[in-house]
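Engineer: First the structure, which I've put down as structure tokens, then a few questions once you've had a look.
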Amino acid sequence: MRDNNLVYGYTIAPTEKELTVETLWNTTRRWMIENPEHLPEKSFIHWTINEKSKYTMCHFWSNFEIVDLSFYRSAAYESYFQHLDRAGGFFYERWGDAPVHSIAASMLLRKEQIHWFEDVGYHHPGYAHCPNKPEMHRNCICDKGQNFMYHGMCNRRFAEVGDIYKDQALELAHLPDRK
């Protein structure tokens, strides 16, 4: 990952249960507006927030993530995490590490810094990823018929959207919530 300037890697990206993150995007939005100095000039936030400023519920499962720890130690991530902690959502809504890590990664990184480990098979009850390419599949023990990632909305969105500029991200943060 270091050789390719990658910061965050994952194997599976489902949608989150909305009841567990009801105020996460609005809390994130406030942090963005109050801390624009921490936002990069371009980021991949459009993966987690659509053009109407609605949280897509897409997140990288943290069951398998490889991260450059300097990302979690950065001033931007620390500021964001402290803001979330003061808001109380970890306790009152059950904000989990996966949606928090995912929003932070998409908000603070560019798409080219995030890597899907397509060649790594992964199974968790209800979700599975089995590599499609024959040269990858022959090393895995998995049921290609139960392959979540190639059909999941979040994986399609990952392929379709790109980075947006800081001013565009801030415009999305200022839009009213579209529930």
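The values are calculated or read from the model by the stated rules, or taken from the named source; none is laboratory data. Just so you know, these numbers come straight off a predicted model, no measurement behind them. Neighbour counts are summed over all protein chains in view; Cβ atoms, including those assigned to glycine, are modelled from backbone coordinates with ideal geometry. For accessibility, only protein heavy atoms count, side chains too; no ligands or nucleic acids. Shrake-Rupley method; radii C 1.70, N 1.55, O 1.52, S 1.80 Å.
Engineer: What are the residues in region 66-78 that are surrounded by 15 or more Cβ atoms within 10 Å (Cβ to Cβ) and either touching a Lys or Arg at 6+ places or on another chain (Cβ under 8 Å) or polar (S, T, N, Q) (or both), if any?
Structural biologist: Listed by number, the residues that qualify are Asp68, Ser74.
Engineer: Checking the structure you have, find out if any residue of region 158-177 is open to solvent by less than 50 Å² (accessible area, probe 1.4 Å), within 21 Å of Thr20 (Cα to Cα) and out of contact with any strand residue (DSSP E or B) (no Cβ under 8 Å at 6 or more places or on another chain).
Structural biologist: yes
Engineer: Anything in region 31-55 that is surrounded by 14 or more Cβ atoms within 10 Å (Cβ to Cβ) and either of a type in the set (Asp, Glu) or farther than 18 Å from Arg110 by Cβ (or both)? List them, or say none.
Structural biologist: Trp31, Asn35, Asn50, Ser53, Lys54, Tyr55
Engineer: Give me the pairs, please: first residue somewhere in region 90-105 and more than 18 Å from Trp116 (Cβ to Cβ), second residue anywhere and among the charged types (D, E, K, R), beta-carbon distance under 7 Å, and either six or more positions apart or on two chains.
Structural biologist: Sorted first by the residue in region 90-105, then by its partner, the pairs are Glu93/Glu22.
Engineer: For region 120-179, name all the residues that are closer than 25 Å to Leu39 by Cβ, in a helix (DSSP H, G or I) and of a type in the set (Lys, Arg).
Structural biologist: Arg157, Lys166
Engineer: Would you mind telling me which numbered condition in (1) open to solvent by 50 Å² or more (accessible area, probe 1.4 Å); (2) in contact with a Phe, Trp or Tyr (Cβ under 6 Å, 6 or more places away or on another chain) Asn63 fails?
Structural biologist: (2)
Engineer: Sticking with this one: Filter region 49-73 down to residues that are under 16 Å from Pro176 (Cα atoms) and of a type outside the set (A, V, I, L, M) and give me whichever is farthest from the chain's Cα centre (by Cα).
Structural biologist: If we take residues in region 49-73 being under 16 Å from Pro176 (Cα atoms) and of a type outside the set (A, V, I, L, M), then Lys52 is farthest from the chain's Cα centre (by Cα).
Engineer: Something else about it: Could you check how many residues of region 129-157 are in contact with a helix residue (DSSP H, G or I) (Cβ under 7 Å, 6 or more places away or on another chain) and in contact (Cβ under 8 Å) with a residue 24 or more places away in the chain?
Structural biologist: Counting residues in region 129-157 that are in contact with a helix residue (DSSP H, G or I) (Cβ under 7 Å, 6 or more places away or on another chain) and in contact (Cβ under 8 Å) with a residue 24 or more places away in the chain gives 2.
Engineer: I'm trying to understand the selection: among the residues of region 1-39, which are of a type in the set (A, V, I, L, M, F, W, C) and more than 15 Å from the chain's Cα centre (by Cα)?
Structural biologist: Met1, Leu19, Trp31, Met32, Ile33, Leu39
Engineer: Now for a separate question. Scan (1) in contact with a helix residue (DSSP H, G or I) (Cβ under 9 Å, 6 or more places away or on another chain); (2) surrounded by fewer than 17 Cβ atoms within 10 Å (Cβ to Cβ); (3) under 20 Å from Val67 (Cα atoms) for the single condition Arg94 breaks and write down its number.
Structural biologist: (3)
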